[in-house]
Amino acid sequence: EKGGYKHFMLKEIFEQPTAVFDCLRGRLDAKAGTIRMGGIDRQLDLLKEAKRIILVGCGTSWHAGLLAEYVFEELCRVPVEVEYASEFRYRNPVIHPGDVIIAISQSGETADTLVALENAKNQGAFIFGVVNVVGSSIARLSQAGAYTHAGPEIGVASTKAFTAQLTVLYLIAIKLGYAKGTLSRDRYLHLINELALIPDKITEVLKTAPEVACLAGKYKNARDFLFLGRGYNFPIALEGALKLKEISYIHAEGYPAAEMKHGPIALVEESLPVVFVATKDAYHEKLASNAQEIKARKGNVLAIITERDTLFEEIADDTIAVPASDEILAPLLSVVPLQLLAYYTGLAKGLDVDKPRNLAKSVTVE
Ligand code: M6R
């Protein structure tokens, strides 16, 4: 049942080229330059007119929402908010009829997400579901949606469900941006082509597994880890930290890199591992100077970089390279080595990576 893999988590990490491909299949046609998604096509006017999009989820699904905030604002020029379902549910949020809520959930059964959506629906919001499990409670409550088609995810750590969530959210944002006219035809076609290349690029990233396993061996006894990123890679820094906590029980924090100076830099001491999610983008040089600040305090810099990035290769103690892609899509690649890092660190520590302590696959009680 684990298809020759030692654990479900590893199997599911390695299934990501297929999961993303399946998610694109029948939707994205790079040659024709089209994106077809029944649930979106039918609601396109409603989405185009939305005054606000609110993304709701928990844990890894919330991280997908955080990245979608950056992507929707950039491509669709619509105000976006991202909410932890548990907070949204209790804090009497301001919801107007016409607000579009995008619910993100692998299982479709997370109690906080479900109740948050019920409340918002009662207040007149339109609920759009991005769910993996077909026929689940959140899928049934949604008025429209797009399934992620990642296949069953058994490992408690969400991996392929996350990249599939991102893929669906990219598809929606690219389609909507083009329909609204906030995304030019050139950029639209470029993004469609780049998205179609992602499954093969993930296959390339998976070849770094032995290198990542070495790093896990090197750092498995660390007490703490920091994960830093900016822009599209900030949510990935949070996701890397969450994965490491869940699977290796090492204390890890994710931050936007520039927030370091506002407090967390006080934690940096000799040998503290600091992971930079540093694929090439508009902030690259700024991120490099953040990495230099860590080196100046004798921390260890581990960087996820774009191939042939000599700037980071010089600064970092260790680098893992991923293929180049459009900066907006790079998170689909940069997250994979972080999933592997969590997996191999848990493995090196002899832990139960598929069933980490205290965690359930889906949190159906609050
Ligand atoms: O099934 P959901 O996507 O609604 O679950 C949300 C979180 O419980 C889930 O992502 C959790 O954070 C995972 N253990 C992360 O690996």
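Only the coordinates and a few stated rules stand behind these numbers; no lab work does. Bear in mind the structure is a predicted one, so any value in this text is a computation, not a measurement. Don't worry about glycine lacking a Cβ; one is built from the backbone with ideal geometry, like all the others, and counts go over all protein chains shown.
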Handout entry: Calculated [θ] (222 nm, deg cm²/dmol) that DSSP helices of n ≥ 4 give over the chain, each run adding -39,500 (n - 2.57)
Key = -14500 deg cm²/dmol
Handout entry: Mean separation of Cα contacts under 8 Å (6+ apart) over length of region 73-198, as relative contact order %
Key = 23
Completion exercise
In order over region 175-186: 3J(HN,Hα) from phi, Karplus 6.51/-1.76/1.60, θ = phi - 60°, whole Hz, x for each Gly or Pro, gives 5, 5, x, 5, 5, 7, x, 8, 10, 5, 4, 4
Completion exercise
Contact order relative to length for region 242-366, counting C-alpha pairs under 8 Å separated by 6 or more residues, stands in percent at 29
Problem - Mean Cβ neighbour count within 10 Å, used as a protection proxy, ranking 158-170, 139-151, 338-350 highest first - result: 158-170, 338-350, 139-151
Practice task
Work out the length of the dipole vector of the chain about its Cα centre, built from +1 on the beta-carbon of each Lys and Arg and -1 on the beta-carbon of each Asp and Glu, and round it to the nearest 20 debye.
Solution key: 460
Practice task
Provide the net charge surrounding Lys6, with neighbours chosen by a C-beta distance below 13 Å and charges set as Lys +1, Arg +1, Asp -1, Glu -1.
Solution key: -2
Problem - Sorted by Cβ neighbour density within 10 Å, fewest at the top, the residues Thr279, Thr208 - result: Thr208, Thr279
Fill in the blank from the handout: Taking every other residue with Cβ under 13 Å from the Cβ of Arg89 and scoring Lys and Arg +1, Asp and Glu -1, one gets -3
Practice task
Could you work out the relative contact order of region 204-271, using alpha carbon pairs under 8 angstrom and six or more residues apart, expressed as a whole percent?
Solution key: 28
Fill in the blank from the handout: With Cα coordinates, the longest principal axis of the chain makes an angle with the long axis of helix 284-296, in degrees rounded to 10, of 40
Fill in the blank from the handout: A correct Karplus calculation of ³J(HN,Hα) over region 245-257, with 6.51 cos²θ - 1.76 cosθ + 1.60, θ = phi - 60°, whole Hz and x for Gly and Pro, returns 4, 4, 9, 10, 6, 7, 5, 9, 10, x, 9, x, 3
Handout entry: Net +/- balance of residues flanking Ala150 in space, Cβ distance below 11 Å, scoring K and R +1, D and E -1
Key = -3
Fill in the blank from the handout: For the chain, longest principal axis from Cα atoms; helix 331-348 axis from its Cα atoms; angle between them, nearest 10 degrees, is 50
Exercise for the section: Rank by packing, highest mean first: peptides 220-226, 7-13, with packing defined as the count of other Cβ atoms within 10 Å averaged across residues. Expected result: 7-13, 220-226
Completion exercise
For region 11-119, the dipole about the Cα centre with charges only on Cβ (Lys and Arg +1, Asp and Glu -1), to the nearest 20 debye, works out at 320
Handout entry: Nonlocal amide H pairs with Val275, under 5 Å, H built at 1.01 Å
Key = Leu226, Phe227, Leu228, Leu302
Handout entry: Mean-position separation - Cα centroids, region 275-296 and region 244-271, in angstrom
Key = 15
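With a 10 Å radius around each residue's Cβ, average the other Cβ atoms per peptide and rank 353-361, 296-304, highest first. Intermediate values should be presented prior to the final figure.
Details: 353-361: 14.8, 296-304: 20.0.
In decreasing order of mean packing, 353-361, 296-304 become 296-304, 353-361.
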Handout entry: Under the Karplus curve 6.51 cos²θ - 1.76 cosθ + 1.60, θ = phi - 60°, whole-Hz ³J(HN,Hα) for region 152-163, x wherever Gly or Pro sits
Key = x, 10, 9, x, 5, 6, 7, 10, 5, 5, 5, 5
Fill in the blank from the handout: Expressed in angstrom and rounded, the centroid-to-centroid distance over alpha carbons for region 155-219 and region 43-69 is 17
